[in-house]
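Quick notes on the structure that follows.
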Amino acid sequence: MIGGARDWRDTLAPASFNGVVFFVDTESVAKSGRDVAVHSFVNAETHATEDMGRVPRELRVDGYICGDLADSDARALIEQCSTAGAFPLLLPMFGPYQARCHNCHASAQDRGKQGWVKFELEFIEAGSATDSFPATALGDRLAASTMDDMPDAASDAIANYAPKTSNASASGTAQDHAYEAPGGSLGGEKGADDSPETPGPSGDVTPENSPDGLAGFNPGP
């Protein structure tokens with residue numbers, strides 16, 4: 001800086017997570033870089049690598065809250081770290097991030113440092129929702145899968161039911177024809193080759209005029 005050394009105390013922004021302020025002892029980018037897949041080959045002296053994209057950055061902060069309101073301020077930071085969603089994370093050295101807190105460890109001392117609460121915080125940058133697939137609840141995925149399979153299940157049910165309906169209809173038709181036979185007979189319809197019975201003088205069939213050769217048949221007393 002022209003005219004003298006930089007005043008770090010005055011130029012660094014205070015740390016906060018979604019507006020809840022805390023002090024920082026150390027901050028670090030625990031993970032960054034590229035996600036590289038390594039491919040090995042059988043009996044090969046070389047390998048291949050594949051770039052899978054940028055690794056989500058993870059940040060670790062050792063910080064503290066102190067003062068007369070340390071107890072209530074510490075509870076506010078714990079609640080904020082436990083709230084679902086991504087929020088602005090401001091750090092003095094490594095700049096702002098839209099991040100989620102996935103670990104918050106707080107400890108307070110009864111002696112020596114009363115009104116002092118130590119924090120160990122871990123954050124991961126939230127990323128962009130437009131660059132990823134939206135999360136879907138398990139119940140919604142199961143319901144969607146069931147709805148997708150329903151047309152096929154309905155088609156199979158109809159296909160299995162149709163032959164039974166056809167056979168039942170054919171059977172019912174045959175029975176209807178049987179019951180419609182002349183004389184109330186349960187047999188089938190009379191064909192063209194069936195010989196009609198020859199009525200006697202009184203209109204009844206007798207052994208003498210029977211076409212079936214029943215002459216001489218004596219039914220007994």
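Read-outs throughout are calculated quantities, based only on the coordinates presented, and are distinct from any laboratory measurement. From a predicted model like this one, the values you see are computed outputs, not experimental measurements. Methodologically, a virtual Cβ is constructed for each residue, glycine included, from the backbone with ideal geometry; neighbour enumeration extends over all protein chains shown.
Figures for the structure shown
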{"read-out": "Packing-based exposure ordering (other Cβ within 10 Å, fewest first) of 90, 59", "value": "90, 59"}
{"read-out": "Those trypsin sites (Lys or Arg not before Pro) in region 41-148 that DSSP places in a loop and that have at most 13 other beta carbons within 10 Å", "value": "111, 113"}
{"read-out": "Residue 48-residue 93 FRET efficiency (beta carbon distance; Förster radius 35 Å; 0.05 resolution)", "value": "0.40"}
{"read-out": "Relative counts (whole %) of C-alpha pair distances in region 20-127, using bins that are 10 Å wide", "value": "13, 37, 23, 13, 9, 4, 1"}
{"read-out": "Packing-based exposure ordering (other Cβ within 10 Å, fewest first) of 142, 121, 12", "value": "142, 12, 121"}
{"read-out": "Chymotrypsin sites (Phe, Trp or Tyr not before Pro) restricted to region 49-99 and DSSP loop, no more than 16 other C-beta within 10 Å", "value": "94"}
{"read-out": "Neighbour-count ranking [beta-carbon atoms within 10 angstrom, fewest first] of 29, 20, 42", "value": "42, 29, 20"}
